[in-house]
Each structure stands twice: as structure tokens, then as C-alpha cells.
Amino acid sequence: QVQFVESGGGLVQPGGSLRLSCAASRNIFSIYTMGWFRQAPGKQRELVASINRNNGAYYTDSVKGRFTISRDNAKNTVYLQMSSLKPEDTAVYYCNDYNTKGNWGQGTQVTVSS
């Protein structure tokens, strides 16, 4: 089963930017839709953005216009470019196959605070 390793998180001030990366253990071309998810303290994990094999993207309302998801099948990597970050974006961010949601990785912590 494919494994995912997320990276790129950190502490950033409100209004700042981060680029998250998700490296897969095998070729992701066969994964039709990849998703970025996040889980804030005390809250359920939620879908942030997804991208299909044809680069069709979906964004949850709270991140539209601020986040951009992309995928590089040749590098087995999915990215999440985050801009104009807000304190409410603070969470652990995960990537996974949107449909099967197999093994979850460790995630990467994003903290937005002044």
C-alpha cells in the first residue's frame, strides 16, 4: 500500500505563505484523486483541497483563492501552496488518496501565529 510523507510545515505569521509537499512511496499516476486534509486540535479531519489526474481541483470554501493544489506525477509528489495564511489555518496537514484514504502519514504541522 502506498505511503505518504508530508513536509514543509512550520510557524508562520498571519498573511504569510508556506508550500507543503507530499511524497508518495510509489507512482501516483494510478491514484485518480489526491487530497490534502487537515486536523486542528479538538476538531475532525477535514478535506482542504483535492486534485484529479486531469488537474481538476476542488477547494473547501475557507481556502479558496488562498491555497493552490498541484501534482507532479513524474516526481510522485503533491503540493499545497498556501498564501494569506490565517490563524484558523493552524492544523496538522495530511495528504492521502481521496477515495481510498489508506494509511495516513505523520502529517506536517502548520502554525499561524504572531
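Throughout, read-outs are computed from the coordinates displayed, never taken from laboratory work. In this text, all values refer to a predicted model and were calculated from it rather than measured experimentally. With ideal geometry, Cβ positions are generated from the backbone for all residues, glycine too; neighbour counts draw on all protein chains shown.
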* **Calculated on alpha-carbon atoms, Rg and Dmax of the chain in Å** => 13.1, 41
* Structure fact -> Between the alpha carbon centres of the range 69-99 and the range 40-58 the gap in Å comes to 8
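Charges only on Cβ, +1 for Lys and Arg, -1 for Asp and Glu: so what's the dipole of the range 46-107 about the Cα centre, in debye to the nearest 20?
On the way: 7 positive and 6 negative charges, 40 e Å.
Computed charge dipole of the range 46-107: roughly 200 debye.
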* To do: Would you work out the charge dipole size for the chain about its Cα centre, treating the Cβ of every Lys and Arg as +1 and the Cβ of every Asp and Glu as -1, and quote it to the nearest 20 debye?
  => 140
* Give me the number: length gained by fully extending SER70 to GLU46, i.e. 0.36 nm times residue separation minus the C-alpha to C-alpha distance, one decimal in nm. => 6.8 nm
